[in-house]
1. Taking 25 Å as R0, compute the FRET efficiency from the Cβ-Cβ separation of ARG117 and ILE37 and round it to 0.05.
2. If N is the number of residues in the range 1-54, what value comes out of its Cα radius of gyration divided by 2.2 N^0.38 Å?
3. Tell me, what HN-Hα J-couplings in whole Hz come from the Karplus equation 6.51 cos²θ - 1.76 cosθ + 1.60 at θ = phi - 60° for each residue of the range 84-91, using x for Gly and Pro?
4. From the alpha carbon gyration tensor of the range 41-86, can you work out the equivalent ellipsoid semi-axes (sqrt of 5 times each eigenvalue) and give them in Å, largest to smallest?
5. Could you please report the charge total around THR54, scoring K, R as +1 and D, E as -1 over all other residues with beta-carbon less than 14 angstrom from its beta-carbon?
6. Rule-of-thumb check for the range 57-149: C-alpha Rg over 2.2 N^0.38 Å?
7. Relative contact order of the range 67-149, please, whole-number percent, based on alpha carbon pairs below 8 angstrom and at least 6 residues apart.
8. Calculate one ³J(HN,Hα) per residue across the range 63-75 by plugging θ = phi - 60° into the Karplus curve 6.51 cos²θ - 1.76 cosθ + 1.60, and present them in order as whole Hz with x for glycine and proline.
Amino acid sequence: MSAPSLKTFFFEDLTVGMRESLMKTVLDSDVVGFAQISGDANPIHLCDVYASKTRFGQRIAHGLYTASLISAILGTRLPGPGAVYLSQTLNFRAPVKIGDVVAVAVEVVELTERGRRCRLHCEVLVDGQVVLDGEATVMVPARPKEAVA
């Protein structure tokens, strides 16, 4: 994942069905960095010997690391800067391993004018298999009055 290109949508710009996605190879440094930031040093994420004895047979990425890639889309692409997370549901379907290429996608499924709420379906796939899905609700800024012509 390279530096994100920022897109900004105001509530008035959004329509049901709008989609955005990104692809990212999960690196060892991502998993180690997430462990340092989150404080989650579970050896299933950090220790090859320990992880080799688990049902996964190798180290796996933190589930919330994978979920954080959804946040990357919401904050930089759809709706973009100014969006404020209100809620997120997450269903972890399969592990994400170091070296996996994850395809993360969000789609606008509902817009509620009161409070400028946007509900989005969120999905993460590895090799076409859903590894995480859920829904996010964000509050989206209105178009500034001076920008309306």
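1. Rounded to the nearest 0.05, the efficiency is 0.30.
2. Normalised by 2.2 N^0.38 Å, the Cα Rg of the range 1-54 equals 1.76.
3. Each residue of the range 84-91 in turn: 10, 4, 10, 7, 8, 9, 9, 10 Hz.
4. Ellipsoid half-lengths, sorted descending, are 33, 8, 7 Å.
5. My count for the surroundings of THR54 gives +3.
6. Ratio of Cα Rg to 2.2 N^0.38 Å: 1.24.
7. Relative contact order of the range 67-149: 33 percent.
8. My calculation for the range 63-75 gives x, 6, 5, 4, 5, 5, 5, 5, 4, 4, 5, 4, x Hz in order.
Every number here is computed from the coordinates shown, using simple stated rules; none is lab data. Not measured: the values here are computed from a predicted model. Every residue, glycine among them, receives a Cβ derived from its backbone with ideal geometry; neighbour counts consider all protein chains shown.
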